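Taking it in order: structure first as structure tokens, then the write-up.
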Amino acid sequence: MLGIDLKGKKAFIAGIGDDNGFGWAIAKALAEAGAEILIGTWAPILKIFQTSWANGKFDASRKLSNGKMLEILKVYPIDAAFDTRDQVPPEVIENKRYAGLSHFTVSEVAAEVAKDFGHIDILVHSLANAPEVTKNLLDTSRQGYLAAMSASSYSLISLISHFGPIMHKGGSCLSLTYIASERAIPGYGGGMSSAKAALESDTRTLAWEAGRKWGLRVNTISAGPLKSRAAKAIGMIDDMIAYSKANAPLVKDLEAEEVGSAAAFLLSPLASAITGEVLYVDNGMHAMGMAVDSQAICIPK
């Protein structure tokens, strides 16, 4: 039987803050395949994540199919808006949510991982943030737009740039995107659609550059809407899910585990010749050019 075997591989997943999103599902899928898991959690919520873990809040969702529990080798604080320590402004360093955290920029986290484990094999970018995501693009400020691009798109470049040197040849990188990169999704604002478009374009360029420089593969998954805690910030996630379910070829809710399984494949040796790819895991919604539940049309059932 052809299976995914990641035994002996180490995976660093940036962007997990709870047990409710795609990042968590990817971590579980990789663990199911035998990989050892390292996590980068957004610095301001590190203590919340660690407390929730210690208090057993994630125990139910940590269970793997073999009866064991998802284990994490180490959790690192990370703020992917900063590449180096000198870029961190005083107001961030002095913020009480960063108190006691000294190595949270991308370069510092990569150095800490190298010091702790030497090399990794898998890098997952599960990062996205836009402070003005509920605003229309026309109403988005320059600052808000650039913040979305920095946190949601450039952060992939930064991660691969700093982690690439400590990844084994043949390693694999993966990010998460959304159909708003190529279709107008009203309400998905604040520059997030622009950031996702940049992320996909960068995936192709990074596949070439990181492939030639370090022998790494770089892909992205365009996932359908999921009611994660992070997605609630959009403010219309329920409508997005309902629309997809009504119009996609497969009439069902998208499960985070389905994205996790697709990610495990792309990050495994089974996908050794796949790079620069956008893989849609959205119940086929990307293939549709017409809303079949529209009042303007009548489609025979």
Legend entry - Under 13 Å, Cβ to Cβ, from residue 124 - net charge with Lys/Arg +1 and Asp/Glu -1: +3
Inset, instruction - Compare 182, 132, 255 in a GNM of the chain, Cα atoms joined below 10 Å, and give the one with the largest fluctuation. - result: 182
Legend entry - Partner aspartates and glutamates for residue 245 [C-alpha distance under 20 Å; skip if fewer than 8 residues away on the same chain]: 182, 253, 255, 257, 258, 282, 293
Legend entry - Two-decimal Rg/Rh across segment 72-121, once Rg and the Kirkwood Rh are taken from alpha-carbon atoms: 1.00
Inset, instruction - Take the Cα coordinates of the chain, assign each an equal point scatterer, and use the Debye formula without solvent to give log10 I(q)/I(0) at q = 0.06, 0.10 Å⁻¹. - result: -0.19, -0.54
Legend entry - Choice from 14, 29, 180 with maximal GNM fluctuation in the chain (Cα, 10 Å cutoff): 180
Legend entry - Convex hull of segment 93-149 built on C-alpha atoms - directionally averaged projected area, nm²: 6.0
Legend entry - Proximal lysine pairs, segment 8-150, alpha carbons under 17 Å, eight or more residues apart or interchain: 15
Legend entry - Cβ crowding within 10 Å averaged over residues, with 158-164, 48-54 ranked highest first: 158-164, 48-54
Legend entry - Lys/Arg +1, Asp/Glu -1 at C-beta; the chain dipole; positive extreme among 51, 184, 281: 51
Legend entry - segment 1-110: trypsin sites (Lys or Arg not before Pro) falling in loop per DSSP and having at most 10 other Cβ within 10 Å: 7
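A short reminder: the numbers here are calculations on the coordinates, not readings from a lab. This is a predicted model, so every value here is computed, not measured. So basically every Cβ, Gly included, is an ideal-geometry build from the backbone, and we count neighbours across all protein chains shown.
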